[in-house]
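Student: Provided herewith is a single structure, encoded as structure tokens, for subsequent inquiry.
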Amino acid sequence: MVMTPGIPEYLTGSTPVIYLFTNPLQFFISLGFNVALYTMGAILIRDLAIKYRRGWLTILLLGAAYGIMEEGITVHTFFQASGQPVGLLSIYGRSMGVNWIWATGITFFHSIYSITLPIFILSIAYPRYRNERLTGRRGIWIAFCIYLADILLINIMIEASHIGSVPSSSEYFIFTLMAAFFAVVAFLIPRNAFCVGLNSHNGRAGPFILGFLLFPIYFIFSYTVVKRDGTGIIPPVADAILLIISYVVLFILSVRSMSNGGRVTAGKYYYVSGAIIPLMILAEMQEVFNGLHGITISVIVAIILLLRLRSLVRKNARGWAVGS
């Protein structure tokens, strides 16, 4: 409940934490929408992966499908012609009414930060429940209905408010089909693909660096290559290819890092820490330089949760001994 909207929304500043004090009604309404979207999506993906005995690569690919459904079908940022959060990526890499660079980067972002990391953290904190579903047959249908209702309600609100770009019927169809493609591939790909675990080796630096690179690569290929006038240092097609190649490699290495017979290891903890720390740094930079007040609260909560996670992992002496 904390990690799913917490990492992508409150730690990045997409949903201002300061609203908790300045506009609590708006804060809790948005929290309800975020939980219905992020938390229900993560529960569905986690429990389906457990039910069908799939691995982390399946979760990553289902996370990509989730990213398309959220940003393309639900809030329509794939098609947004201007404004935040898309910014200059509504110009750079935009073709046929679609922000392709933004769409590619944010899909990978959601796959890792919105879905995989929260599920991964749960498996680290409570390893004895890693193969137990959070829902039964009825519960998973309830989660699906809440998730679907949230998507429909947000669509209705966006269309009624005339804010943002509403996709056409063909665009809805194409990107829903694209999300379905990722979902199908997620269940067709072999469960143990790329599962030679990095954590079978001693050391903490490797997993930490791997996790730490996740956000900078997204940031570099999505933002630093774009000039203030919306043109790019490199052509958008080349940028998209480099972004995709980088994240495919990181996907494979992430699966290797997360696959070690299900054991909880120090390496896994450092992977998670490495992934979240760049977001904490960016959050503090936004507080200081962009006046995004209150985001430090999210950073403090993240630090407390990471310390708590470390404490939970250390209780598993056998797991902590590997890589320590």
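The values are calculated or read from the model by the stated rules, or taken from the named source; none is laboratory data. All figures in this text were calculated on a predicted structure; none of them were measured in a lab. Reconstructed Cβ throughout: ideal geometry from the backbone, glycine too, with neighbour counts over all protein chains shown.
Student: Evaluate the following for residue 90: is it touching a Ser or Thr at 6+ places or on another chain (Cβ under 7 Å), over 23 Å from residue 238 (Cβ atoms) and of a type in the set (S, T, N, Q)?
Tutor: no
Student: Of the residues in segment 46-69, how many are out of contact with any helix residue (DSSP H, G or I) (no Cβ under 6 Å at 6 or more places or on another chain) and buried (at least 24 other Cβ atoms within 10 Å of the Cβ)?
Tutor: 0
Student: For segment 16-45, give me each residue that is crowded, with 22+ Cβ neighbours inside 10 Å, over 20 Å from residue 293 (Cβ atoms) and among the β-branched types (Val, Ile, Thr).
Tutor: Selection gives 43, 45.
Student: Does residue 76 meet the test of being touching a residue at least 12 places away in the same chain (Cβ under 8 Å) and on the phi > 0 side of the Ramachandran plot?
Tutor: Judged against the criteria, residue 76 is a match.
Student: Let me ask you something else. May I ask you to list the residues in segment 96-108 that are surrounded by fewer than 21 Cβ atoms within 10 Å (Cβ to Cβ) and either assigned to a helix (DSSP H, G or I) or in contact (Cβ under 8 Å) with a residue 40 or more places away in the chain (or both)?
Tutor: Within segment 96-108, 97, 98, 100 qualify.
Student: Could you tell me which of the residues 6, 13, 72 is crowded, with 19+ Cβ neighbours inside 10 Å and in a loop (DSSP other than H, G, I, E, B)?
Tutor: Just a single option satisfies the conditions, and that option is 13.
Student: Pull out all pairs, ordered by first then second residue, where Cβ-Cβ is under 8 Å, the residues are six or more apart or on different chains, the first lies in segment 213-235 and is at positive phi, and the second is part of a loop (DSSP other than H, G, I, E, B) and not polar (S, T, N, Q).
Tutor: 230/91; 230/92
Student: Counting only residues that are free of Cβ contacts under 8 Å to residues at least 24 places away in the same chain and outside any helix (DSSP H, G or I), how many does segment 291-314 have?
Tutor: 1
Student: Quick one: which residue in 67, 97, 63 is more than 14 Å from residue 239 (Cβ to Cβ) and in contact with a His (Cβ under 6 Å, 6 or more places away or on another chain)?
Tutor: That would be 67, the only listed residue that is more than 14 Å from residue 239 (Cβ to Cβ) and in contact with a His (Cβ under 6 Å, 6 or more places away or on another chain).
Student: So which pairs qualify, if the first residue must be in segment 53-68 and among the charged types (D, E, K, R), the second must be outside any helix (DSSP H, G or I), the Cβ gap must be under 7 Å, and the two must be at least 6 apart or on different chains?
Tutor: Matching pairs, first to second residue: 53/191; 54/191.
Student: For the structure I just gave you, tell me whether residue 200 is under 30 Å from residue 81 (Cα atoms) and at pLDDT below 90.
Tutor: no
Student: Does residue 21 count as in a helix (DSSP H, G or I), in contact with an Asp or Glu (Cβ under 8 Å, 6 or more places away or on another chain) and touching a residue at least 60 places away in the same chain (Cβ under 8 Å)?
Tutor: It is false that residue 21 is in a helix (DSSP H, G or I), in contact with an Asp or Glu (Cβ under 8 Å, 6 or more places away or on another chain) and touching a residue at least 60 places away in the same chain (Cβ under 8 Å).
Student: Would you mind stating whether residue 244 is in a helix (DSSP H, G or I), within 23 Å of the chain's Cα centre (by Cα), modelled with pLDDT of 90 or more and not charged (D, E, K, R)?
Tutor: Yes.
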